[in-house]
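Engineer: Structure in structure tokens, see below.
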Amino acid sequence: MKSVILSCVLPLVALAAPLGLAGKASAAEPDKQFFRTVEGKWVGPGEIVAGKYKGTKFTCSFDGSTPDNKTGMSLDGDCRVGVFTQKMSATVERNGRDYKGNFMGGAAGSGLDIIGGNVVDPRKVVFTINRNQLRGVMQARIPDDNSMTVTIAVRVDQQLVPVIGMSLKRVDAVEVGSIAKN
């Protein structure tokens, strides 16, 4: 059961991990600016804060990038729980007026689907997640350019219950906004 929870929930952390701060621009640009901040390296600890595995701690490391000519992000890295390490990958892209994506192959594989969401403001993003009967949200808040807190909540009896908390730090030397594409 623990591996099922970790394989379903830790990928959410992979999505949330490298989001960063973005400034306002034209009406079409804030989302792109927000996602550009994923470019770089992020690391940090997290913890399962509810449920059977409450108190389980983990650490993740991610490389973030943005796709050319699209609004979204891709993440590659891994998360470690004790002596066990699991590869993590996530992709999310704007599809029409909403976001769609997957973690580790999506719900058809061993991961989760992103079925909706939006950039709420320059310091917050919320995505709707889904896998079979599991429904929930992932929310990231950015207190400054080089750190972020992430909360993952699942729906239990018509109520969202937080199950994972994570705190990440930027570990590359590049400052937000100074990243140039090659």
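Engineer: G116 fails exactly one of the following numbered conditions: (1) touching a residue at least 24 places away in the same chain (Cβ under 8 Å); (2) out of contact with any helix residue (DSSP H, G or I) (no Cβ under 7 Å at 6 or more places or on another chain). What is the number of that condition?
Structural biologist: Single failed check for G116: (1).
Engineer: Under 13 Å from the mean Cα position of the chain (by Cα) and modelled with pLDDT under 85 - does that describe any residue in segment 160-178? Let's see the steps before the verdict.
Structural biologist: To start, the set of residues in segment 160-178 that are under 13 Å from the mean Cα position of the chain (by Cα) comprises 164-168.
Add one more test, that the residue is modelled with pLDDT under 85, and what stays is none.
Scanning segment 160-178 turns up no residue that is under 13 Å from the mean Cα position of the chain (by Cα) and modelled with pLDDT under 85.
Engineer: Right, here's the next one. Could you please let me know if G101 is farther than 22 Å from A153 by Cα, touching a Leu at 6+ places or on another chain (Cβ under 8 Å), in contact (Cβ under 8 Å) with a residue 24 or more places away in the chain and not aliphatic (A, V, I, L, M)?
Structural biologist: No: the conditions fail for G101.
Engineer: Against the condition at pLDDT below 85 and either of a type in the set (F, W, Y) or open to solvent by 70 Å² or more (accessible area, probe 1.4 Å) (or both), how does R141 come out, does it pass?
Structural biologist: yes
Here's the yes/no breakdown for (1) open to solvent by 20 Å² or more (accessible area, probe 1.4 Å); (2) of a type in the set (A, V, I, L, M); (3) farther than 20 Å from T37 by Cα; (4) not in a strand (DSSP E or B):
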| site | (1), (2), (3), (4) |
| --- | --- |
| G109 | yes, no, yes, yes |
| V120 | yes, yes, no, no |
| F127 | no, no, no, no |
| R135 | yes, no, yes, no |
| M166 | no, yes, no, no |
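Engineer: Inspect all residues belonging to segment 71-87 and state whether any of them is of a type in the set (D, E) and touching an Asp or Glu at 6+ places or on another chain (Cβ under 8 Å).
Structural biologist: Scanning segment 71-87 turns up at least one residue that is of a type in the set (D, E) and touching an Asp or Glu at 6+ places or on another chain (Cβ under 8 Å).
Engineer: Taking only segment 81-94 into account, find how many residues are free of Cβ contacts under 8 Å to residues at least 40 places away in the same chain and either closer than 15 Å to I164 by Cβ or under 16 Å from the mean Cα position of the chain (by Cα) (or both).
Structural biologist: Within segment 81-94, residues that are free of Cβ contacts under 8 Å to residues at least 40 places away in the same chain and either closer than 15 Å to I164 by Cβ or under 16 Å from the mean Cα position of the chain (by Cα) (or both) number 3.
The values are calculated or read from the model by the stated rules, or taken from the named source; none is laboratory data. Just so it is clear, the model here is predicted, and its values are computed rather than measured. Here the Cβ is made from the backbone with ideal geometry for all residues, glycine too, and neighbour counts use every protein chain on show. What goes into the accessible areas is simple: the full protein's heavy atoms, side chains included, and nothing from ligands, DNA or RNA. Shrake-Rupley method; radii C 1.70, N 1.55, O 1.52, S 1.80 Å.
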